[in-house]
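Structure, as structure tokens:
None of the figures in this text is laboratory data; all of them are computed from the coordinates on show. Remember, predicted model here, so these are calculated numbers, not experimental data. Using ideal geometry, Cβ is built from the backbone for each residue, glycine included, and neighbour counts are taken over all protein chains shown.
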Amino acid sequence: MGRLDPCGVLGRTASSRRTRGHRLSIAACSFLSLVALLALGPALLAQTISPQRQTLLKRKGELLKEIKEYDQKKADAQKTLEQGASLRDMAAAANQPDQANIYARAVGVAQQTIDTADKYIADDNQRLDAINRALTWRDSALPLAVPTIVRGHITVEGRYGSRPFDPTVPVEIGQHISVGDDGFLELQLEDGSEMHLGPNTNFEYGRDVQGVYYQLFRGEMHKVTTAVMGVRAANDEPRYKGLQAIGAVRGTDFTLEIAGTQDVFAVFEGEVDVDPGGGRDKVSLHGGQKLAVPRSGPVGPPIAFDSKIASRWWER
């Protein structure tokens, strides 16, 4: 049996069809070749695409799906708004104020849904543009972070001094980022997770002999692991440093804030093991717990908080 040749098969089929006066277009051959390549799927991708690009492509697929879902929610809400507005006007014309108010509230909820969908669609389109741009970058042996949402005044310090933050280039190991009081920065890390840096934040993306670390000198950061998981960073367990404490993350959703001279960890989901330093005992935090680590002295027990009503500044 000869080699697999989709176009060869098409050629033989075409010969038989020509005897009946039919022709097979070249486009059909190209289409079947594409189908054959797609059938190889993950095996071919694993051989030809780097782990970094695989992570980016997975994230791209996720974003496209999210945008489609938000578009559908927006379309549904638009129908509800139009129907509610019509019923509201009819009730008002029939001198039925109570019914008119009910329909007016439905119109308000529908409009809020549309506005929220528009915001999420705009944000996801920014992320999608950033991912598409990152797919054109050369592969790197060192971990890189992709700027996906960039707002306000941000500067970065690297080997060549301080400069305005450029959202079209990757954030590299050794860079120090300063976010202004009007700023916000979202980064996609190499494992597919997201990190958010709030206003008035000083942050370093570093690596030492123990591996990759993310250090906060001022401000607040939020890190969440998305459904997309690709390659890891230079080590399996990146560290999250405050002024004195170090967090080893075992979970998916947490914040680190510098409050005065204290490091404050808050876990929304998952688990974070905090090493307060100074010979103090480590503390394990679970979802719905926060811990304040002072510069010196004893560390108090974890404090429970309601993660459902806690401030989520990164979603504003």
Exercise. Step through the residues of region 290-307 one at a time and calculate ³J(HN,Hα) from phi using the Karplus curve (6.51 cos²θ - 1.76 cosθ + 1.60, θ = phi - 60°), rounding each to whole Hz and writing x for Gly and Pro.
Key: 10, 9, 9, 10, x, 5, 8, x, x, 9, x, x, x, 10, 6, 9, 8, 5
Practice problem: Give the long-range amide H neighbours of residue 270: residues separated by 5 or more places, or on another chain, with amide H under 5 Å away, using H modelled in the peptide plane at 1.01 Å from N. | Solution: 252, 287
Quiz item: Can you pick out the pairs among 79/290; 73/241; 60/308; 58/119; 223/282 whose Cα atoms lie more than 31 Å from each other?
Solution: 79/290; 73/241
Self-check item: Note, ³J(HN,Hα) from phi for region 253-259, Karplus 6.51, -1.76, 1.60, rounded to Hz, x at Gly and Pro
Solution: 8, 7, 10, 10, 10, 8, 10
Quiz item: So how much slack lies between residue 119 and residue 315, counting 0.36 nm per residue of separation and subtracting their Cα-Cα distance, in nm?
Solution: 69.5 nm
Exercise. List every residue whose amide H lies under 5 Å from the amide H of residue 193, counting only residues 5 or more places away in sequence or on a different chain, with H placed 1.01 Å from N in the peptide plane.
Key: 226
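Grab the other residues whose beta carbon is less than 14 angstrom from that of residue 56, score K and R as +1, D and E as -1, and report the net.
Numbers: positive: 53, 58, 59, 60, 127, 133, 138; negative: 62, 129, 139, 190, 191, 194.
So the environment of residue 56 carries a net charge of +1.
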Quiz item: With contacts defined as alpha carbon pairs under 8 Å and 6 or more residues apart, what's the relative contact order of region 144-315 in percent?
Solution: 14
Quiz item: Which whole-Hz ³J(HN,Hα) couplings does region 274-279 yield from phi under the Karplus relation 6.51 cos²θ - 1.76 cosθ + 1.60, θ = phi - 60°, glycine and proline marked x?
Solution: 9, 9, x, x, x, x
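I want the local charge near residue 206. Using Cβ-Cβ distances under 11 Å, sum +1 for each Lys or Arg and -1 for each Asp or Glu among the other residues.
Net charge around residue 206: 0.
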Exercise. Report the calculated FRET efficiency for residue 200 and residue 78 (r = Cβ-Cβ distance, R0 = 30 Å), to the nearest 0.05.
Key: 0.20
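Tell me the net charge near residue 283. Cut-off is 12 Å between Cβ atoms, residue 283 excluded, with +1 for each Lys or Arg and -1 for each Asp or Glu.
Values: positive: 280, 282, 290; negative: 263, 271, 273, 275, 281.
Taking every Cβ under 12 Å from that of residue 283, the sum is -2.
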Self-check item: Added length on full extension, which subtracts the Cα-Cα distance from 0.36 nm per residue, residue 132 to residue 157
Solution: 6.5 nm
Quiz item: Any idea how far apart residue 94 and residue 304 come out in nm if each label point goes 7 Å out from Cα toward Cβ?
Solution: 5.0
Quiz item: What are the residues whose amide H is under 5 Å from the amide H of residue 219, where those residues sit 5 or more places off or on another chain and H is modelled from the backbone?
Solution: 202, 258
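Using the Cα atoms of region 51-134 to build a convex hull, what is its mean projected area in square nanometres? Let's see the in-between values first.
Numbers: hull surface 21.5 nm².
Quarter of the Cα hull surface area: 5.4 nm².
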Self-check item: Where a label projected 7 Å from the Cα of residue 271 along Cα→Cβ would reach, residues of region 293-316 with amide N under 18 Å
Solution: 302-304
Exercise. Please find the FRET efficiency linking residue 218 to residue 71, where r is the Cβ-Cβ separation and R0 is fixed at 45 Å, and quote it to the nearest 0.05.
Key: 0.70
